[in-house]
Each structure stands twice: as C-alpha cells, then as structure tokens.
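Encoded as structure tokens, the structure appears first; notes follow it.
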Amino acid sequence: MKPLPLPRVVDAKSEPGAGEALVVPSFERGAALLRGADGNLVRLSWEDEDARTDPERALAVGRYTLVGYRLLARDPEHETWHVSASAVKGVELDVQPGRTNTLEIDPTIQIVARKQGEGLGVSVQGAGGAGLSIYAEGKRIPLGFRRLDAQGRTLAEGKIQYG
C-alpha cells in the first residue's frame, strides 16, 4: 500500500498567481483540509492569532471537497477551545477566478440522538455531518448530559462518551 502524500499547506497571506484565486474563511480562526478534483490535498490555515488581519490565501481555481476542519476560539476566561471534524460530507468550495471566494464552514455543533437496542446513543456532529471532537487547552473534553422526565425532574445525568 502506497503512503498518502502530505497535503500542501497554505498558511499565510498570498497573492494569486496564474490560474489561482483568493480564498477567505467564514470563521475567525481555524484550518480546513480540502481535496481537489485531481485528488491532491491542500490545508488552508488561519490558526495564528492575527490570521484575520491577513486572511487571503491563494488557491488554484477549481472545485474542492472539504475533508476535515479545525475551528479555534477563546472563551471569556481566555481558555482556548477547538473542534476537530472529520468525515465531512457534501461541503464543497468552487474557487472562481477573478474574485475572492469564501470558504463557508458552519460552526454549529449538533448532538444527534439515535436509538441503540434498549438505550439511546448520540453522535456529536458539525458541518456536513462531520464527526466532531471538542477540546479545551489541548485535551478532549467530555460532554455532560441530563435526561429529564415530563415534569422536568432529572432521571439520569453523566458524561457522554464520544469520538
């Protein structure tokens, strides 16, 4: 089996060359792994603190499929949080010449319930049904849950195992 080639990384402001156009993110800080129509991977990054001051990244014109992403944020206590997503489905970027193209990634986190035998399970999902893991200060955090009855009384509570 042949090893997968590493993606080309574009992590700084760049001017478009021949056959390229500019891409900017819809999010403040993060990175995206894209697969081009040629099958090659490219990683666009805006992870630095000052990424929003120079957000333009040059990328070859063409259609790309979002493979995975990582979004970063700080909470009011200045703790760094990020979500890592994989197995994204149906999110594409069509880089058009002569314009600034926006890479749209919905930052919404969804907890999706599903019946499993006699119990319930959940999946933590992001854009395009991607599987998400949520991290604070570099460590994956557990997600709490509480199951209520019709009167609002707690029947069960605990931590969700996911990822």
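Things to note:
- Trypsin sites (Lys or Arg not before Pro) lying in DSSP loop within segment 1-53, provided at most 15 other Cβ fall within 10 Å: Lys13, Arg52
- Charged side chains reduced to their Cβ positions (Lys and Arg at +1, Asp and Glu at -1) give the chain a dipole of some 780 debye around its Cα centre.
- Separation of the Val61 and Gln110 label points, Cα + 7 Å toward Cβ, nm: 3.5 nm
- Segment 136-163 versus segment 102-124: alpha-carbon centroid distance in Å: 14 Å
- By the Stokes-Einstein formula, at 1.567 mPa s and 4 °C, the chain with its Kirkwood radius over alpha-carbon pairs has D equal to 73 µm²/s.
- Top positive-direction residue, dipole computed over the chain with Cβ charges, set Val124, Ser45, Ala58: Val124
- Here the dipole of segment 75-163 is about 400 debye; that uses its Cα centre as origin and unit charges on the Cβ of Lys and Arg (positive) and Asp and Glu (negative).
- A straight chain from Ile160 to Asp75 at 0.36 nm per residue would run longer than the Cα-Cα distance by 28.4 nm.
- FRET efficiency, 1/(1 + (r/R0)^6) with R0 30 Å, evaluated for Met1 and Ala37 via beta carbons: 0.80
- Karplus-derived HN-Hα couplings along segment 145-153 (A = 6.51, B = -1.76, C = 1.60, θ = phi - 60°), whole Hz, x at Gly and Pro: 9, 9, 9, 10, 8, 4, 8, x, 7
- When the chain is treated as a Gaussian network with alpha carbon springs shorter than 10 Å, the biggest mean-square fluctuation among Leu71, Leu44, Leu148 belongs to Leu148.
- Total lysine pairs under 28 Å (Cα atoms) in the chain, excluding pairs fewer than 8 apart on one chain: 7
- Taking Asp38, Asp48, Asp11 as the candidate residues, the one with maximal mean-square fluctuation in a Gaussian network model of the chain, Cα springs under 10 Å, is Asp38.
Here, each number is a calculation from the coordinates, and none is a lab measurement. Computed from a predicted structure; not experimentally measured. No Cβ is skipped: glycine too gets one built from the backbone with ideal geometry, and neighbour counts run over all protein chains shown.
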